[in-house]
Every structure is written in C-alpha cells, then in structure tokens.
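J.: I have a structure I would like to understand better, so I am pasting it below and will then ask my questions one at a time.
The values are calculated or read from the model by the stated rules, or taken from the named source; none is laboratory data. Just so it is clear, the structure is predicted and the values come from calculations on it, not from any experiment. Glycine also receives a Cβ, built like all others from the backbone with ideal geometry; neighbour counts cover every protein chain displayed. All accessible areas refer to the heavy atoms of the entire protein, side chains included, with ligands and DNA or RNA removed. Shrake-Rupley method; radii C 1.70, N 1.55, O 1.52, S 1.80 Å.
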Amino acid sequence: KRYADGWSLDASLVWSDLQGNASWDLAGYVDDFQDANGFVNADGTLPYNSEWVLKLAASVDLPWDIMASGFYQYRTGEYWTPYVRMRDLWFNDRTSVYMTKRGTQQLDDRSFLDLRLEKSFGLGGGLELTVMIDAFNVLDEDKATSVETRWGDYFYYVGDHPAESEWVENLNFGEELTFQSPREIRLGAKLSF
C-alpha cells in the first residue's frame, strides 16, 4: 500500500528452489571439480539459500509529527552439507568429499524485527533537524547463520591402505560458528539545509 492517510505497507513472499552441482563462496571460485572426488554427492540443494523469505515493511504517522516504521523478515534455514577432507593423496592433497547428498542439512529458521521512531524539527532559515532512534533485532533472536561443516579428515596411506590409513573426527563438527547480530539500539541525528 502506497503512503496515504498516514500509513504505508509493503510485503513480499519469495519461494526459491536452488538445485545444482557447484557451490561458490563470496570470491566466486568453484573448486568442486578439481578431481573426481568433486562428483561424489555433487547434486542437490545449494547453500546460501532460504527456500521461503517473507518481508514486511510498514510506517505510520503518530501524534506530535512522529513517524514510526518497522521491518520484519522471516526466512527458512539455509542448507549445508557435511564433508570429509581427504589428505595425503598423490594428487590434489586435502580435497573435500561430500558425505551426503548436497544440501541435506539445514540451519534453523530465523527472523528479525527492526523498528524506528523519527521526528523532524524546523529550525528556521531552511534548516531542519531530524532525530531518530533505531532498534535492530528487537526480538533478540540469536540463531546460527553458519556451522562447522567438516566432519573430519581421512589420512590415506597408499603404501598400506586401509591398515595404515586413519580417520580423525572433527570434534567441532556441527558447532555453531556465526550468529545473527544481537539486539542493538542506535541514536541518530540529521541536519538538512
């Protein structure tokens, strides 16, 4: 709803189904197929993807010329895949092998709510001072945004496999690494002329 009668509202609901066989990080480099190990469990649901994302944004005029606005977002958990690092191979040492089909694990769903109060004061001579208070992640959710995905390391000893080869479990596997930013309050001022 466009702004009218002292209020406005925007909403969106997005569904996505990202399937594929190549993950990329923020650098844009794909190393999945450096050798044949990259084809193991390669196909599936890609990371950095929430199947459902709901967004709501609204504003309303309050008494004393105060404007209140808010933004709410809900997103289903992003997908991830446990992998094992293969070590001591003759070619492409420390290559990664997915232990399950890509995207079989999922982070928890998460949401956040941001709010703002804003008021402007005319100072004369074309000057206007606007003061605002923002509250981010008002609900103070602390859901994980990433976890440790390396299940462990397999040391392959070509001279006497499997007797001398060794599996070393990663004790941090599945541990939460990063989280949503905690609740934060910010005061601000803007001078317009």
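J.: Considering the options GLY103, SER12, GLY126, tell which one lies farthest towards the positive end of the dipole of the chain, charges being +1 on Lys and Arg and -1 on Asp and Glu at the Cβ, about the Cα centre.
T.: GLY126
J.: Where only protein heavy atoms count, and the probe is 1.4 Å, what is the accessible area per residue for the range 53-193 in Å²?
T.: Roughly 63 Å² per residue, with all protein chains present.
J.: Would you compute the Debye intensity of the range 1-137 from its alpha-carbon atoms alone, equal scatterers and no solvent, and pass along log10 I(q)/I(0) at q = 0.10, 0.13, 0.19 Å⁻¹ to two decimals?
T.: Summing over Cα pairs of the range 1-137 leads to -0.57, -0.73, -1.08.
J.: Ordered by packing density, taken as the mean number of other Cβ atoms within 10 Å over each peptide's residues, highest first, how do 137-150, 164-177 rank?
T.: The most tightly packed comes first, giving 137-150, 164-177.
J.: Can you pull a Stokes-Einstein diffusion coefficient for the range 91-193 at 4 °C (1.567 mPa s), Rh from Kirkwood over Cα pairs, as a whole number of µm²/s?
T.: 68
J.: For the pair LEU117 and THR178, what calculated FRET efficiency results from E = 1/(1 + (r/R0)^6), where r is the Cβ-Cβ distance and R0 = 41 Å, to the nearest 0.05?
T.: Step by step, r from the Cβ atoms, then E = 0.85.
J.: Under a cut-off of 25 Å between alpha-carbon atoms, report the lysines in cross-link reach of LYS143, not counting same-chain residues fewer than 8 places apart.
T.: Cα-Cα hits under 25 Å: LYS55, LYS101.
J.: Additional query: Please state the charge dipole magnitude for the chain, taken about the Cα centre, from unit charges on C-beta atoms (+1 on K and R, -1 on D and E), reported in debye and rounded to the nearest 20.
T.: 800
J.: Taking all protein chains in place and a 1.4 Å probe, what share, in percent, of the accessible surface of the chain do carbon and sulfur account for?
T.: 56
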